[in-house]
Amino acid sequence: MAAKKRVLTGIQPSGIPHIGNILGAIEPSLRLAQNHDGFLFIADLHALTKQPEPKQLQAQIHSVAAAWLALGLNPDQTVFYRQSDVPEVPILAWLLSCQCPLGMLNRAHTFKELTDNKGMPGEDVRHGIYSYPVLMAADILAFDADVVPVGKDQKQHLEITQELARKFNHVYGGGEAILKVPEAKIDEAVMTVPGLDGRKMSKSYDNTIHVFLEDKPLLKRIKQIKTDSTEYGAPLTAAGDTVFELYKLFATEAQTTRLRRQYETGRKNPDENVDDERNYFGWGDAKKALHGVLVERFGDARAEYHRLMDDQGHLDRLLAAGAERARNVARGVLERALRACGIR
Ligand code: TYM
């Protein structure tokens, strides 16, 4: 029987994973892990590029671990670990750096965003941010990953990873594949989940929704989603509306069809078009509907998340066991790369 293909993805511990992380990376990778070898990790070294407060970073590492597990990661079937526990990764990153032209990093979106859009002089950009894509390439290449499920914002990083693997193979492999060129898996339906203000949901825009919040604060957050000023009871536009877009991602087809009709008619019960205010449908109702599907979908995971957060020793033990398994694989790949370079 052919060996199983390998799926790998990572998440930065920069806060409780939000809906974008869950739909863009966590759920797709957990689905793939059912019939692939799974390598799922917490990108804690990458998180340092944001200079987090140390105590907060500790808490956030646990929070990402608890979220993965609460959403269904099975640590017996999947190798689950922290990036910083695998020192082979930064060593491989150095080998890749030695092949990486500056031009490739000058074109990286994050660097360009700082220098071109925010006007920061290039020399003020910290090296960790500049070389972020090289470390990410090492995360992936150190495990011979076949498939990497990510959101659309990571597409360029995956292209850089492929290019670095090819360069390395070209220089040291004489045409032989020393490092495996991985494939990105970007699911179109969830490649960019919108946040409260309609832009990509992202911690850096402070527009995220955390599904592990208790009912009331979750509803409060959902109420902050930007909507237009359509009068109560008048038809609402579903196309491009963030509440509708998010609802669609979690609801069944029948639920989505019903919400679409409620938008079109401005009525709670679309078949009763009587002019009775009690039947009016407005943004508040749409937001409650979104809250309903989120609680339905994540209620159990939320309880499990909080249970796991209360037992951090257990999380640490799981991650330590995962680190051992991860290192066993990364060690082999690094040895191969070191031999190819002439260091071994
Ligand atoms: P991070 O931590 O920013 O996000 C984790 C994953 O969530 C996806 N994502 C989204 N998907 C859809 N819509 C959104 N609004 C949204 N926001 C975030 C991201 O695309 C990502 O897949 N560089 C990575 C972490 C990383 C990594 C790796 C990933 C480090 N090494 C190796 C894969 C393989 C990052 O910052 O993701």
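The values are calculated or read from the model by the stated rules, or taken from the named source; none is laboratory data. None of the values given here were measured: they were computed from a predicted structure. So basically every Cβ, Gly included, is an ideal-geometry build from the backbone, and we count neighbours across all protein chains shown.
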Subject >> Hits in the range 113-133 - residues which are within 30 Å of I178 (Cα to Cα) and either outside any helix (DSSP H, G or I) or within 11 Å of the ligand (Cβ to nearest atom) (or both) >> reply: S131, Y132, P133
Original post:
Which fully enclosed strands (runs of 3 or more DSSP E) of the range 1-112 have 3 or more residues being more than 13 Å from the ligand (Cβ to nearest atom)?
Top reply: 78-82
Original post:
So L219 clears everything in (1) more than 12 Å from the ligand (Cβ to nearest atom); (2) under 24 Å from K155 (Cα atoms) except one condition, right? Which one?
Top reply: (2)
Original post:
When only residues in the range 15-32 that are over 19 Å from L196 (Cα atoms) and not basic (K, R) count, which is surrounded by the fewest Cβ atoms within 10 Å (Cβ to Cβ)?
Top reply: E27
**OP:** Keeping to the range 184-212, report how many residues are more than 9 Å from the ligand (Cβ to nearest atom), hydroxyl-bearing (S, T, Y) and buried (at least 18 other Cβ atoms within 10 Å of the Cβ).
**Re:** 0
Original post:
Taking L32, is it in contact with a helix residue (DSSP H, G or I) (Cβ under 7 Å, 6 or more places away or on another chain) and not polar (S, T, N, Q)?
Top reply: no
Original post:
Out of all the residues in the range 166-177, is one or more closer than 24 Å to L45 by Cβ and among the acidic types (D, E)?
Top reply: no
**OP:** Considering only residues that are in a loop (DSSP other than H, G, I, E, B) and in contact (Cβ under 8 Å) with a residue 24 or more places away in the chain, look in the range 242-274 and name the one that is farthest from the chain's Cα centre (by Cα).
**Re:** G266
**OP:** Tell me, yes or no, whether the range 276-283 has at least one residue that is farther than 30 Å from D85 by Cα and in contact with a helix residue (DSSP H, G or I) (Cβ under 8 Å, 6 or more places away or on another chain).
**Re:** yes
**OP:** Assess whether D76 counts as being touching a residue at least 24 places away in the same chain (Cβ under 8 Å) and either surrounded by fewer than 22 Cβ atoms within 10 Å (Cβ to Cβ) or not aromatic (F, W, Y) (or both).
**Re:** no
Original post:
What residue, among those in the range 146-162 that are near the ligand (Cβ under 8 Å from one of its atoms) and in a loop (DSSP other than H, G, I, E, B), is nearest to F39 (Cα to Cα)?
Top reply: V150
Subject >> In the range 163-178, the residues that are in a loop (DSSP other than H, G, I, E, B) and not aliphatic (A, V, I, L, M) >> reply: G174, G175, E176
**OP:** Show the residue pairs that are 6+ apart or on different chains and have beta-carbon atoms under 6 Å apart, the first residue being within the range 139-162 and assigned by TED's automatic domain parsing to the domain that holds P101, the second being polar (S, T, N, Q).
**Re:** I140/T161; V148/T9; P149/T9; P149/S29; K152/T192
**OP:** Could you please find all residues in the range 259-297 being of a type in the set (D, E) and at pLDDT 95 or above?
**Re:** E264, D285, E296
Original post:
Does the range 107-126 include one or more residues that are in contact with a strand residue (DSSP E or B) (Cβ under 8 Å, 6 or more places away or on another chain) and either at positive phi or free of Cβ contacts under 8 Å to residues at least 24 places away in the same chain (or both)?
Top reply: no
Original post:
Looking only at the range 319-344, which residues are in contact with a strand residue (DSSP E or B) (Cβ under 7 Å, 6 or more places away or on another chain) and either without any contact (Cβ under 8 Å) to a residue 40 or more places away in the chain or crowded, with 19+ Cβ neighbours inside 10 Å (or both)?
Top reply: L319, G322, A323, A326
